[in-house]
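The structure appears below as structure tokens.
The values are calculated or read from the model by the stated rules, or taken from the named source; none is laboratory data. What you see is a predicted model, and the numbers here were worked out from it, not measured in a lab. Glycine also receives a Cβ, built like all others from the backbone with ideal geometry; neighbour counts cover every protein chain displayed. Side chains included, ligands, DNA and RNA excluded: accessible areas come from the protein's heavy atoms. Shrake-Rupley method; radii C 1.70, N 1.55, O 1.52, S 1.80 Å.
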Amino acid sequence: MKKFLFVIFVAVIPGLLSALECEVCRKNIHGKYIKTANGAYCSQECYHSTFPKCEFCKKPCTKRNVQMMGKTFCSKSCMHKIFHCSLCLAGLDNVITLSNFFGDSAFFCQKCSRRPGCYYCAMPGDRPAGKDGRVICKKCRSTLVTSPKEVHSIFRQVRRDLAGMFKYDAKHKIELKIVSPDELNKQAGSIYMPENSKRMALMRYSNKITEKRYSNGKVKRIVTDEKCQIFVLSNVPKDMLYDALAHELTHDYLRHNIGKVNDLALEEGFCELIASLYNQKRGKDYLNRQKEAQKDPVYGGGFRKMRAIYRKNRSFSETLKSVR
């Protein structure tokens, strides 16, 4: 804390200080004025205007001030109005700032900063884990899509949007299943997933292929018993649900248009690229920060490679050729 300079009140003696000007308003001083080492002031109002303003109450800090992270406050009470723990709301004299890939940052006390991280954004959660083991923070919980009806509605909307943007087929049957984290991981089995990442959805595709041979020697491949499924995690924040469904529907598109892709990084990278373009269209670019920062060579490396190709040609079809 800092104390300000001792102030002297002076009465003007006619004829001695007739040209004295106020340091703030520059008016000639008449009568009593305030004198400091920095100059003379015609009134308390002008004098107080030279003091730093409190970041919270905006009043001049005329007696003492408290500073935190480059901000000035007239008291600890005002400081705690801005610097308080995001979870327990206790005022903070020592700030711990945590951030995530989505660009969110918040202040926490030491105790709350050690709480388990949110399943979706990794910020400290404000409640114990639920029955399925997920810790979900207050912010993510506020946007969870909990209604199966709404999940199906969003799924249909994403299919329509991608059909409009990239000419995806929006007519063939895709079975959508809403599942728990355990069931989703069970369905995924040994399918690759980056370390310390959480799976939000999964596309599964199966079919039977028979061959019909003609007398002229030609062979026709016939696809039967085609089954397309997308498993999506229950209770996902809405923006992340849109992102995950765009990614999985792109896997479905690839299966139907170019078959199985041998290079996993190219396939996952292309799916991440399309999801990122869809996020941009929806004004949700913040979701792409995690894709950009992903160090994993399959998801992160694949995404950055596909993004570089797309930025060069600005063409969906030309970028798709790189996946074949």
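Okay, here's what the table says:
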{"item": "Distant-in-sequence amide H partners of LYS177 (H built 1.01 Å from N, under 5 Å)", "result": "ILE230, PHE231, VAL232"}
{"item": "Efficiency of FRET from Cβ geometry, HIS30 and ALA163, R₀ 56 Å, rounded to 0.05", "result": "0.10"}
{"item": "Residue pairs, from the table LYS220/LYS305; LYS59/LYS238; LYS220/LYS321; LYS53/LYS284, whose Cα atoms sit over 30 Å apart", "result": "LYS220/LYS305; LYS59/LYS238; LYS53/LYS284"}
{"item": "Paramagnetic label zone (point 7 Å from Cα along Cα-to-C-beta, GLU211; backbone N under 19 Å) in the range 240-259", "result": "259"}
{"item": "Largest-first ellipsoid semi-axes for the chain, taking √(5λ) over the Cα gyration tensor eigenvalues, angstrom", "result": "65, 23, 15"}
{"item": "0 to 90° range, to nearest 10: angle between helix 148-166 axis and the chain longest Cα axis", "result": "80 degrees"}
{"item": "Rg to Rh quotient for the range 172-271, alpha carbon positions, Kirkwood Rh", "result": "1.07"}
{"item": "Residues THR224 and SER180, FRET efficiency given R0 of 30 Å [Cβ-Cβ distance, rounded to 0.05]", "result": "0.40"}
{"item": "Distant-in-sequence amide H partners of TYR168 (H built 1.01 Å from N, under 5 Å)", "result": "ALA163"}
{"item": "Aspartates and glutamates whose Cα lies under 14 Å from that of LYS27, excluding same-chain neighbours fewer than 8 positions away", "result": "GLU45"}
{"item": "For the range 280-290, 3J(HN,Hα) per residue [Karplus equation, 6.51 cos²θ - 1.76 cosθ + 1.60, θ = phi - 60°, Hz, x = Gly/Pro]", "result": "4, 4, 7, x, 10, 4, 4, 5, 7, 5, 5"}
{"item": "Label-to-label distance, nm, for residues given as GLU195 and SER153 (7 Å Cα→Cβ offset)", "result": "4.2 nm"}
{"item": "Accessible surface, the range 191-324, averaged per residue in Å² (probe 1.4 Å)", "result": "53 Å²"}
{"item": "Using alpha-carbon coordinates, inclination of helix 238-257 to the longest axis of the chain, degrees", "result": "30 degrees"}
